[in-house]
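*Asks:* Just passing along the structure, written as structure tokens.
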């Protein structure tokens, strides 16, 4: 996610902020109304769908933009991206630095299709140099739709609020049946242990979710195990697609 925290200095206004801020009617020009923005949002969906229409069985890799190249998790993300690409999986990331850069870099090393879905932020976050196919989004929710629609699995490396947002949205969509089950892999058992212990002891323990909901998560410390889980999911998905086509 982002590299910078909000401070006392006012930062540039994003399209997401404009959309979510209610202005008095008399202060709105037509091109700044919500109705006008709906057209822009539709345009982003169309661009995303067109750009990714030939992408199949991709894996989206999330993680902190602040992870430096000498961090062990950066190296693991490179390895994961490379192994997945060698096995035929396109790689999708948020297109930024850190873990995103590492995954795109590994994908390039594995001669795979390296995709970056970049987002407008109040500060500059350019695409990393390992992105082969890029899309720039103004709206987070449009971007997250692309992550889910074109992915067979999510691999979630250590990260902050943005990474957690993407993780829990995926779990919610699976839990509520909005998408078919696909692997959500937490990479880095030690990093995620506090969260998974809390989910098990407190959230499951108090009946807020079922134990089967927690089983949606896989935890690993190796790229090879992550690839194995994803490969098995691809095989299941291939078997299920004819039934899904009939249902639709």
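All of the numbers you see were taken from the coordinates with simple rules; none came from a lab. Just so it is clear, the model here is predicted, and its values are computed rather than measured. Backbone-built Cβ (ideal geometry, glycine too); neighbour counts: all protein chains shown.
*Asks:* So for 46, 227, 203, fewest C-beta neighbours within 10 Å to most, what's the order?
*Replies:* Fewest-to-most Cβ neighbours within 10 Å comes out as 46, 203, 227.
*Asks:* What ranking of 235, 109 emerges when the number of other C-beta atoms within 10 Å of each C-beta is taken as an exposure proxy, fewest first?
*Replies:* The fewest-first ordering by Cβ neighbours comes to 235, 109.
*Asks:* Shifting gears a bit: Need one word for the range 43-247: rounded, prolate or oblate. Basis is the Cα gyration tensor (sqrt eigenvalues a ≥ b ≥ c); a/c below 1.5 gives rounded, then a/b vs b/c decides. Mind showing how you got there, number by number?
*Replies:* Details: a/c = 1.35, a/b = 1.15, b/c = 1.17.
The shape class here is rounded.
*Asks:* Now, a different point. Quote the FRET efficiency, to the nearest 0.05, computed for residue 235 versus residue 120 with a Förster distance R0 of 41 Å and r equal to the Cβ-Cβ distance. Don't jump to the answer; show the numbers that get you there.
*Replies:* Details: r = 38 Å, r/R0 = 0.92.
The formula returns an efficiency of 0.65 here.
*Asks:* Using Cβ counts within 10 Å as a stand-in for footprinting exposure, how do 114, 228, 211 rank, fewest first? Each step should come with its number before you reach the end.
*Replies:* Numbers: 114 26, 228 14, 211 9.
Neighbour counts put them in this order, fewest first: 211, 228, 114.
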